[in-house]
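Here the structure is laid out as structure tokens; the discussion comes afterwards.
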Amino acid sequence: MKRDFLVSFFASLIVVAILLFFVLSVFNFFFLKKLDARVSELERTLQSKLNGYEDRLKTLEELLKPNSIVSRYITAYEYFEKSRIDFEKIFSEIEDDPTTGYIRIFVVGNDPVWITIKNGEKIIFSRDIKPGLSPYRFFYYKEPKIATDYDIVIPRNATLIVGVPNRVFLLVFGVGTSHHPTKIVQVTQTRLENIARDLNLYIPR
């Protein structure tokens, strides 16, 4: 009797285990199938994004390659930017109204010289001037008809400060003359307190 009970018990236990294994197998099957579908969906999404990035990279490469639209735009911008500066110099040199009076700076030697022009305590111009004839024109009498970045209006009593005296010459283009300086003055001191007085400028009333 006891033996039959044990056999029945173990048989029932085996059947329950088989059923439980079957249920777990079915559950795992559907779970793995759902997981596989989710993974496939993620792969498709990722692939779609990667394809989008590849298309963007190709478009970017097309835009940045030599002779592309962006490349031509950058080249054109740099050209016109340089041309603008050159035109500024050209216009500054061409325009020479004899009814105005201005000063240009010439630096001798191999090194630049620091030049500062002040109106009282206010700094109007202050920078290194390279050796040779400076492109800047400092108008002490009337403004030019065509003003460029190189044309600077200063008061007649402006103060001139020179970093290295004796290496700076002032070319004075006086009122009533055109394209030729009326005088050339070597600056032998670091400071001219009043350019009209110290350079003996002719200023019409």
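Hey, what does the equivalent ellipsoid look like for the range 97-197, semi-axes from the Cα gyration tensor as sqrt of 5 times each eigenvalue, largest first, whole Å?
20, 15, 13
When the Karplus curve 6.51 cos²θ - 1.76 cosθ + 1.60 is applied with θ = phi - 60°, which whole-Hz ³J(HN,Hα) does each residue of the range 170-178 get, with x for Gly and Pro?
So the Karplus estimates, Gly and Pro as x, are 9, 9, 9, 9, x, 5, x, 10, 9 Hz.
Apply the Karplus curve 6.51 cos²θ - 1.76 cosθ + 1.60, θ = phi - 60°, to the phi angles in the range 48-58 and return the couplings in whole Hz, x for Gly and Pro.
For the range 48-58, the Karplus curve yields 4, 5, 4, 4, x, 5, 5, 5, 5, 5, 4 Hz.
Report the extension gain between S25 and T99 in nm, rounded to one decimal, defined as 0.36 nm multiplied by the number of residues separating them, less their alpha carbon distance.
Using 0.36 nm per residue and subtracting the Cα-Cα distance, I get 16.2 nm.
V153's amide H: which non-local residues (gap 5+, or another chain) put their own amide H closer than 5 Å, with H modeled 1.01 Å from N in plane and none for Pro or chain starts?
The answer is F139.
Please give the residues of the range 171-205, grouped as numeric ranges, whose backbone N is less than 20 Å from a label point set 7 Å along the Cα-to-Cβ vector of N157.
Output list for this probe position: 191-205.
In Å², and per residue, what accessible area does the range 97-197 have when probed at 1.4 Å with the other protein chains present?
Heavy-atom accessible area per residue stands at 51 Å².
What number, in percent, do you get for the relative contact order of the range 97-197 if the mean sequence gap of Cα pairs under 8 Å and at least 6 apart is divided by its residue count?
33
The values are calculated or read from the model by the stated rules, or taken from the named source; none is laboratory data. As the structure is a computational prediction, the values presented were derived from the model and not from experiment. Counting neighbours? That spans all protein chains shown, and the Cβs are built from the backbone with ideal geometry, glycine included. The area values use the complete protein model at the heavy-atom level, side chains included, leaving out ligands, DNA and RNA. Shrake-Rupley method; radii C 1.70, N 1.55, O 1.52, S 1.80 Å.
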